[in-house]
Each structure stands twice: as C-alpha cells, then as structure tokens.
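Remarks on the structure that follows.
The values are calculated or read from the model by the stated rules, or taken from the named source; none is laboratory data. As the structure is a computational prediction, the values presented were derived from the model and not from experiment. Cβ: placed from backbone, ideal geometry, glycine included. Neighbour counts: every protein chain shown.
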Amino acid sequence: MKKVVVWIASVVASVLLVACGATPQKQADANSTLLEQIKERGVLKVGTEGTYSPYTYHDKSGKLVGYDVEVAEKVAEKLGVKAEFVETEWDSIIAGLDAGRFDIIANQVGITDERKEKYDFSTPYTYIYGALITSKDNTDIQAFGDVKGKKSANSLTSNWAKVAQSNGAEIVGVDGFQQAVELLVSKRVDLTINDNVAYLDYVKQHPDAPIKVAALSEDAQETAIPVVKGNDDLVKAIDQALKELAEEGILTELAKKYFGEDVSQANK
C-alpha cells in the first residue's frame, strides 16, 4: 500500500513539475504582443488573393507579384522580417484575419466606417478616384455634369453605375471594364465611369487605346492595411514603415511600375 501511495505522490509531483515548467512559456505567449510574436518568428503573415491583377497575381512563371505584394514585402523588410503570403479568396479573407490565419491583409482593402468598428487601419497606400472616361475625340463631355442624357457602360450593380445614374446618364449594362471600353471605342456608348486605377492598368496594357480620362472625382477611396483591433504597436510599426517607404520614394516607384502613375499619394 505504501508503494502505491509513494508511486501516486511521485506521479503527482511529476505532473506539477511539468505544469510549472510549462506555465511561464504560456504566460510569455499570452503577454507578448502580435508585433513581438512576428519579430520572434521572423515572419509577417499576409493574407492576399493572388488573383487580382495588378495588385496581387501570378506572373507567367507562377510567381506571386503585384503592387500590394511588393508593398507588403517592403513593409516586412522595414519590420526586420520576411513576408509570407497566404492566398485566400476575397469572400473569406476578412474571416481569415479574424481567425488569425494571417497578421495583416494586403489586397486593396478600402477604409470604411463599418470596417473601422472592428479593425484598425494603417495609413493609406493607395488613393483611387472615380474616372469619367470617354473616347479621345469626344469634346462634349468634360465633367461629371455633362453626362446627363448620355449612355454610360457600367456593371449594373456597381457603385460607378450609381454615380453615372445620379448624374443623369442612361446605363448600358456590361460584364466588366474590358467590355465597357469596347462599347466606348465602337461609339455604342458615350462614356464609362470606373476607378482611375482600372483605367491606368488598361492603358498600360493597351497604350494605343483611343480613350481618355475627361474628369476625376474630387474624393478618393483610400485603401490600407487592416489589423485586428488591440494591436496598436503593430499598426504604428506599419505606419512608420509606410512613412519611410514614401519618403524614400519606394511607394512612388512601385506605383509607377504597375500603373505608370503615382497612386500612392492623394491628388494635390
């Protein structure tokens, strides 16, 4: 009987020793901030689509590239770590951030009041304006107020269709920007309204396209890096990294590389 008691006491003591040995590590993990964990592991986990050119996509060799991809890589460098990308469909990318599958998202996430209730955002690194696009030889449309009674090619459920309608345009439904340009070039519509970045990407690939931007909206949609609330030190570190990248001209270089124009700054 004594042997049994001694054996039980020995087992209990061993369990207590193991538990005591494990507790400090668990406490350290619980007490360390996300930024500290990122630096300890040497990796910044980044959620991105990988199918959204020119922001995040695969080139002909299969390599993940794009404006957002390179911005995230440069931010990681500033933090002293490497960027590790986790490719996720857009519909589940926010949920992935909530679940901790990655630390940040670099995928043209717009800053909205609804999102700001749950996430903190870095300073913006892309400014997107509404572009009123016409054929190059069009002289009738020079401002948003000139589209009344004109035909505008837009996806029927898009925000840009609402902008065109609010200015009095008649909407001609299309599946996307490519089809809108085709209708515009063939003179079947008078204009299309879309974001200026879509326009810049298109003319970069089709430099001879007979289209132009007749006017830009005054207000910009700002896109930034979202982080789950409660990680102020990480947001501050990302902000500092973006500030340095802007001052060094790196953000401008990346923007011009992918769009031919600096979309990393707001229009003056």
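Computed quantities for the displayed model
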item	result
Where a residue in the stretch 246-265 is in contact (Cβ under 8 Å) with a residue 60 or more places away in the chain and under 15 Å from Thr223 (Cα atoms) and its partner, wherever it lies, is in a helix (DSSP H, G or I) and hydrophobic (A, V, I, L, M, F, W, C), with Cβ under 6 Å and at least six apart	Leu251/Leu245; Val263/Val197; Val263/Ala255; Ser264/Leu251; Ser264/Ala255
Some residue of the stretch 159-171 being small (Gly, Ala, Ser), under 25 Å from the mean Cα position of the chain (by Cα), closer than 20 Å to Lys256 by Cβ and modelled with pLDDT under 95	no
Among residues of the stretch 79-95, those that are out of contact with any strand residue (DSSP E or B) (no Cβ under 9 Å at 6 or more places or on another chain) and either buried (at least 19 other Cβ atoms within 10 Å of the Cβ) or of a type in the set (A, V, I, L, M) (or both), counted	1
Number of the condition not met by Thr33 [criteria: (1) over 20 Å from the mean Cα position of the chain (by Cα); (2) among the hydroxyl-bearing types (Ser, Thr, Tyr); (3) farther than 22 Å from Leu242 by Cβ]	(3)
Residues within the stretch 72-115 that are of a type outside the set (A, V, I, L, M) and within 15 Å of Tyr55 (Cβ to Cβ), tallied	10
Any hit, the stretch 157-175, residues being part of a helix (DSSP H, G or I) and closer than 20 Å to Asp68 by Cβ	no
Filtered residues of the stretch 96-151 (kept if acidic (Asp, Glu), touching a residue at least 60 places away in the same chain (Cβ under 8 Å) and surrounded by fewer than 15 Cβ atoms within 10 Å (Cβ to Cβ))	Asp98, Asp137
Identity of the residue in the stretch 83-113, touching a helix residue (DSSP H, G or I) at 6+ places or on another chain (Cβ under 6 Å) and part of a strand (DSSP E or B), that ends up nearest to Asp201 (Cα to Cα)	Ile105
Set Leu79, Leu97: member being in contact with a Phe, Trp or Tyr (Cβ under 8 Å, 6 or more places away or on another chain), modelled with pLDDT of 95 or more and aliphatic (A, V, I, L, M)	Leu97
Selected residue [at pLDDT 95 or above, closer than 28 Å to Ile104 by Cβ and touching a helix residue (DSSP H, G or I) at 6+ places or on another chain (Cβ under 9 Å)] from Val227, Val213	Val227
Yes/no for Leu191 being within 11 Å of Ile133 (Cβ to Cβ), buried (at least 18 other Cβ atoms within 10 Å of the Cβ) and in contact with a Leu (Cβ under 7 Å, 6 or more places away or on another chain)	yes
Flag if Ala246 is farther than 22 Å from Ile141 by Cα, of a type outside the set (Val, Ile, Thr), crowded, with 18+ Cβ neighbours inside 10 Å and in the same structural domain as Phe121 (by TED's automatic domain parsing)	no
Flag for Gly249 being under 20 Å from the mean Cα position of the chain (by Cα), of a type outside the set (Phe, Trp, Tyr) and within 18 Å of Glu77 (Cα to Cα)	yes
Every residue from the stretch 34-68 that is part of a loop (DSSP other than H, G, I, E, B) and under 17 Å from Lys78 (Cβ atoms)	Gly42
